[in-house]
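**Q** Here it is, the structure in full.
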Amino acid sequence: MRITMPTGAGVVLGAVLTGTLMAGSPSASADTGQVAFHGGPAPAAAPVALQQRGWRCRTATSTVTGAKVTGRICWSGYKIKASGMMYDTKGDHKSAGVKVHVVTPSGVVRTGYLDWIDGSKPGKKESWGETETGYKYWFKACVSDWRKTKCASRWS
């Protein structure tokens, strides 16, 4: 989708988007619509390299009993690159995973599970990453025994 606007409006819109990309977290109702994500490959450029090219970045951590997710989210305009590590912290044969929340440029909200660590290997860690188009992005740690899934109460 291509958005056109009068000259100069992009500067204002860009400032608004940059200021709102990580402001506030999604409401509790954001958990209701869930879809499976099959994101693109992990970002190829290191976060430091992105920052040197004018990208803004932030780091975050999310934990729930049995799982920890760390990540770095970088953005420039509508481009978002997120990557990090998932940890199975309990060794209870439950799977640890990362759930993401994205708001697209058209305002569509997508919430879904991005990746899981195989629960048959307790104590495992695994990387995660994706490239998205949007202006808001959060993640949270989750654990699942495939009958029930529990996620951190707050988005990071």
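**Q** Residue pairs, Cβ under 7 Å, 6 or more apart or interchain, first in region 65-86 and under 11 Å from residue 137 (Cβ atoms), second outside any strand (DSSP E or B) and among the aliphatic types (A, V, I, L, M). List them.
**A** 74/50; 75/21; 81/50
**Q** Hey, can you tell me all the residues within region 83-120 that are over 17 Å from residue 147 (Cα atoms), at pLDDT below 95, in contact with a Pro (Cβ under 7 Å, 6 or more places away or on another chain) and not charged (D, E, K, R)?
**A** 91
**Q** Among strands (runs of 3 or more DSSP E) lying entirely in region 88-156, which contain 3 or more residues that are crowded, with 19+ Cβ neighbours inside 10 Å? First the steps, then the outcome.
**A** Working: elements: 95-103, 109-116, 125-133, 136-144, 149-151.
Qualifying strands (runs of 3 or more DSSP E): 95-103, 109-116, 125-133, 136-144.
The values are calculated or read from the model by the stated rules, or taken from the named source; none is laboratory data. Computed from a predicted structure; not experimentally measured. Methodologically, a virtual Cβ is constructed for each residue, glycine included, from the backbone with ideal geometry; neighbour enumeration extends over all protein chains shown.
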